[in-house]
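Chemist: Take this structure, written in structure tokens, and hold onto it; I'll ask about it next.
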Amino acid sequence: DTACKNRPLDLVFIVDSSRSVRPEEFEKVKIFLSEMIDTLDVGERTTRVAVMNYASTVKVEFPLRTYFDKASMKEAVSHIEPLSAGTMTGLAIQTAMDEVFTEEMGTRPATFNIPKVVIVVTDGRPQDQVQDVAASARTAGIEIYAVGVDRADMQSLRIMASEPLDEHVFYVETYGVIEKLTSRFRETFCAVNVCALGTHGCQQVCVSNGASYLCDCYEGYTLNPDKRTCSAVDLCAPGRHECDQICVSNNRSYVCDCYEGYTLNPDKKTCSATDMCTPGRHDCAQVCLSNDGSYSCGCYEGYTLNPDRKTCSAADMCVPGRHDCEQVCVRDDLSYTCDCHQGYTLNPDRKTCSRAITSSLVTTEESCKCEAIVALQDSVTSRLEALSTK
């Protein structure tokens with residue numbers, strides 16, 4: 001299949017049939033036109049073709065809206081007759097702008113972005129002012145290819161053709177070899193890849209779209225309003241990631257992480273609470289108390305937590321309210337023992353005290369002294385009572 005499949009065109013052939021082109025040479029031109037039509041993907045929605053014939057006058061053989069199949073086009077081409085006389089190339093290009101490249105004649109609207117292309121085939125020098133007309137056509141968005149044969153004026157070809165000239169100006173020695181240009185035009189119209197040419201202006205990615213293109217961006221970037229440049233996106237913005245707890249931007253991607261006291265699960269997205277009181281995971285001096293992914297420190301009995309909330313100090317167990325001794329508390333390292341005041345003894349419960357019992361082992365002399373003292377006390381008491389009755 002030699003048809004051009006990937007670049008729809010609105011294509012107009014402008015063929016010189018002046019007196020210098022002999023009848024047999026003009027037949028070669030018509031063969032060239034037929035072979036060109038064969039290479040194109042002709043159709044109403046693909047490439048549309050029009051043919052114009054010119055000399056001193058201009059004739060639109062058929063406009064873009066007339067034929068949408070190759071057979072009909074080639075049949076129409078076979079019936080074209082030369083006009084003879086002059087070479088009014090400028091007039092032919094002006095007529096193409098005025099009467100062919102119009103929506104009424106089958107040109108598609110500008111919003112379709114279908115390239116408008118002219119191929120001028122001539123063997124002589126234009127007899128009118130072609131330079132200004134060609135410039136106006138190019139300004140209007142018409143791409144002009146100039147094909148010179150035999151005696152064609154190369155300077156005139158260069159004046160009318162689009163830039164770059166080495167891609168839009170062709171020359172062959174005779175009409176007998178003009179069909180060789182068919183393959184050149186097929187390469188030009190079918191192999192064009194705007195993205196490959198490097199003239200697309202896309203900052204990151206160019207996506208070919210037939211004869212046109214679209215710009216795109218790498219993953220992690222978004223296309224700016226100018227439709228050409230890209231800006232990095234924050235993949236950690238809400239709704240753009242799948243992390244359970246923490247999203248960490250990582251160049252054009254991201255990684256997930258977890259809050260303190262949680263560990264990342266094998267799926268690299270969700271988190272599970274960890275036991276922060278396992279050895280080596282906390283800095284408590286004595287007791288670690290796990291608390292939903294976190295922890296707090298505590299102390300053994302007899303110790304109190306210091307202001308740093310990590311270390312512990314021994315507590316004074318004998319301060320009021322911390323012991324159950326009835327009389328005396330005696331601190332003993334991390335604990336305490338109870339004792340009693342003088343004249344009391346500690347009960348078996350090791351907490352309360354009882355008054356001490358006086359010893360019965362006294363001498364006879366001490367006993368007599370005691371009895372005498374008692375007798376004297378009784379005598380004095382009796383005399384005082386007698387005196388009180390008087």
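The values are calculated or read from the model by the stated rules, or taken from the named source; none is laboratory data. Keep in mind that this is a model prediction, so the values were computed, not measured. Cβ atoms come from the backbone with ideal geometry, glycine included; neighbour counts cover every protein chain shown. Ligands, DNA and RNA are stripped out before the accessible areas are found, and what is left, the full protein with its side chains, is counted by its heavy atoms. Shrake-Rupley method; radii C 1.70, N 1.55, O 1.52, S 1.80 Å.
Chemist: Taking amide H atoms as placed 1.01 Å from N in the peptide plane, list the residues 5 or more away in sequence, or in a different chain, whose amide H sits under 5 Å from that of Tyr262.
Modeler: For Tyr262, the qualifying residues are Thr274.
Chemist: Right, next: Net charge within 12 Å of Tyr295 by Cβ-Cβ distance, Lys/Arg positive one each and Asp/Glu negative one each, not counting Tyr295 itself?
Modeler: Numbers: positive: Arg281, Arg309, Lys310; negative: Glu260, Asp275, Asp283, Asp292.
Around Tyr295, the charge tally is -1.
Chemist: With a cut-off of at most 13 other beta carbons within 10 Å, and DSSP calling the residue loop, which chymotrypsin sites (Phe, Trp or Tyr not before Pro) in the stretch 254-333 qualify? Please list them.
Modeler: Here the chymotrypsin sites (Phe, Trp or Tyr not before Pro) that fit, given the DSSP loop and packing criteria, are Tyr259, Tyr300.
Chemist: For the stretch 234-273, with only Lys/Arg (+1) and Asp/Glu (-1) charged at the beta-carbon, what is the dipole magnitude about the Cα centre, in debye rounded to 20? Don't skip to the end; give the middle numbers.
Modeler: Working: 4 positive and 6 negative charges, 33 e Å.
For the stretch 234-273, the charge dipole is close to 160 debye.
Chemist: How large is the dipole of the chain about the Cα centre if only Lys and Arg carry +1 and Asp and Glu carry -1, each at its Cβ, rounded to the nearest 20 debye?
Modeler: I would put it at about 360 debye.
Chemist: Suppose every K and R has +1 on its Cβ and every D and E has -1 on its Cβ; what is the size of the dipole of the stretch 36-152 about the Cα centre, in Debye to the nearest 20? Intermediate results must be reported in sequence, preceding the final value.
Modeler: Values: 11 positive and 16 negative charges, 36 e Å.
Around 180 debye, computed over the stretch 36-152.
Chemist: Output the peptides 51-60, 74-83 sorted from most to least packed, where packing is the average of other Cβ atoms within 10 Å over each peptide's residues.
Modeler: 51-60, 74-83
Chemist: As I understand it, the dipole of the chain uses +1 on the Cβ of Lys and Arg and -1 on the Cβ of Asp and Glu, about the Cα centre. Which of Met36, Thr274, Cys318 lies farthest toward its positive end?
Modeler: Toward the positive end, the furthest listed residue is Met36.
Chemist: When only C-alpha pairs under 8 Å and at least 6 residues apart count, what is the relative contact order of the chain, in percent?
Modeler: 9 percent
Chemist: To continue, here is another question. To make sure I understand the rule: partners must be aspartates and glutamates, Cα under 19 Å from the Cα of Lys310, and not fewer than 8 residues away in the same chain. Which ones qualify?
Modeler: In chain and number order, the partners are Glu260, Asp275, Asp283, Asp292, Glu301.
Chemist: For the chain, compute the orientation-averaged projected area of the C-alpha convex hull (one quarter of its surface), in nm².
Modeler: Result: a mean projected hull area of 46.7 nm².
Chemist: Kirkwood hydrodynamic radius, the stretch 234-273, all distinct C-alpha pairs: what's the number in Å?
Modeler: Result for the stretch 234-273 stands at 10.2 Å.
Chemist: Using the Kyte-Doolittle scale, find the helices of the chain whose mean hydropathy is at least -1.0 and whose Cα atoms extend 18 Å or more along the helix's long axis, counting only whole DSSP H runs. Mind showing how you got there, number by number?
Modeler: Values: long enough: 23-39 (25 Å, -0.23); 364-389 (38 Å, 0.00).
Within the chain the helices that satisfy the rule are 23-39, 364-389.
Chemist: Where does each of 305-312, 138-145 land if you order them by average Cβ count within 10 Å, highest first?
Modeler: Order by mean packing, descending: 138-145, 305-312.
Chemist: From the residues Met52, Gly106, Ser72, which one has its Cα farthest along the dipole of the stretch 31-130 in the positive direction, the dipole being from +1 and -1 charges on Cβ of Lys/Arg and Asp/Glu about the Cα centre?
Modeler: Result: Gly106.
Chemist: Compare the peptides 232-239, 11-18 by average per-residue count of other Cβ atoms within 10 angstrom and give them in order, highest first. Each step should come with its number before you reach the end.
Modeler: Numbers: 232-239: 11.9, 11-18: 25.2.
Ranking the peptides 232-239, 11-18 by packing returns 11-18, 232-239.
Chemist: I would also like to ask the following. Where a Cα-Cα gap under 13 Å defines reach, which aspartates and glutamates qualify for Lys30, not counting those fewer than 8 residues away within the same chain?
Modeler: Qualifying aspartates and glutamates at Cα under 13 Å: Asp16, Asp38, Glu61, Glu75, Glu81, Glu179.
Chemist: Next question. Keeping all protein chains in the complex and leaving out DNA, RNA and ligands, what accessible area do you get for Cys230 with a 1.4 Å probe, in Å² to the nearest 10?
Modeler: 20 Å²
Chemist: Rounded to the nearest 500, what is the chain's calculated 222 nm mean residue ellipticity when only DSSP H runs of at least 4 contribute -39500 (n - 2.57) each, over all residues?
Modeler: The per-residue figure over the chain is -7000 deg cm²/dmol.
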